[in-house]
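Student: Let me begin by handing over the structure; questions about it come next.
The values are calculated or read from the model by the stated rules, or taken from the named source; none is laboratory data. Treat the numbers as computed from the prediction; the structure is a model and nothing was measured. Ideal geometry is used to build each Cβ from the backbone, glycine not excepted, and the neighbour counts take in all protein chains shown.
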Amino acid sequence: MTEWREPFCPMCGRTMGKRNIYLEPGKPWTKTGEENRWEATKDFTGDKPFGVVKGSEGRGSMKLLRYYDVDEDTEGYFPLMKARLLAVVSEWLAKGWITKEEVQEAMK
């Protein structure tokens, strides 16, 4: 039996590990490799507005309409996300997965 590992996202609880790559010309269904999905997140700077507004174009296709900032958060996502983020930091400190010094260094 083949096994693979996927850690939980500390924010949303979903799992994410490796992603298959299908890039062979003429054979888009042929797996040509794998990549670690978490590697791609290291380049995400967060230098973006709070979220995106999408619109349906029918039949399941979505189109990006515009970005929006936290002051336009009419659905109440921000307080929930903020609470979860702070809970994650607290949980990881308690488990010894991170140190206060690492948190303080990241805040610089």
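Student: Here's a check for you: in region 36-82, which residue that is among the acidic types (Asp, Glu) and modelled with pLDDT under 90 is farthest from ALA106 (Cα to Cα)?
Tutor: Filtering region 36-82 for residues that are among the acidic types (Asp, Glu) and modelled with pLDDT under 90, the one farthest from ALA106 (Cα to Cα) comes out as GLU57.
Student: Going through TRP92, TRP97, TRP4 one at a time, which residue ends up being at pLDDT 90 or above, in a loop (DSSP other than H, G, I, E, B) and out of contact with any His (no Cβ under 7 Å at 6 or more places or on another chain)?
Tutor: TRP97
Student: Six or more apart or on different chains, Cβ under 8 Å: which pairs go from a residue in region 85-100 that's closer than 12 Å to MET11 by Cβ to one that's in a helix (DSSP H, G or I) and of a type outside the set (Asp, Glu)? Could you list them?
Tutor: VAL89/VAL103
Student: While we're on this one: Could you list, in sequence order, all residues of region 49-68 that are surrounded by fewer than 10 Cβ atoms within 10 Å (Cβ to Cβ) and either within 18 Å of MET11 (Cα to Cα) or among the acidic types (Asp, Glu) (or both)?
Tutor: GLU57
Student: Being in the same structural domain as ARG19 (by TED's automatic domain parsing) and among the small types (Gly, Ala, Ser) narrows it down to one residue among ALA83, ALA40; which is it?
Tutor: On inspection, the qualifying residue turns out to be ALA40.
Per-residue answers, yes or no, for (1) farther than 30 Å from MET107 by Cβ; (2) in a loop (DSSP other than H, G, I, E, B); (3) in the same structural domain as LYS82 (by TED's automatic domain parsing); (4) not charged (D, E, K, R):
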position: ASN20; (1), (2), (3), (4): yes, no, no, yes
position: PRO25; (1), (2), (3), (4): yes, yes, no, yes
position: PRO28; (1), (2), (3), (4): yes, yes, no, yes
position: GLU34; (1), (2), (3), (4): yes, no, no, no
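Student: Just to verify a result, which residue in region 1-32, among those that are in contact with a Phe, Trp or Tyr (Cβ under 9 Å, 6 or more places away or on another chain) and more than 28 Å from MET81 (Cβ to Cβ), is surrounded by the fewest Cβ atoms within 10 Å (Cβ to Cβ)?
Tutor: My answer is TRP29.
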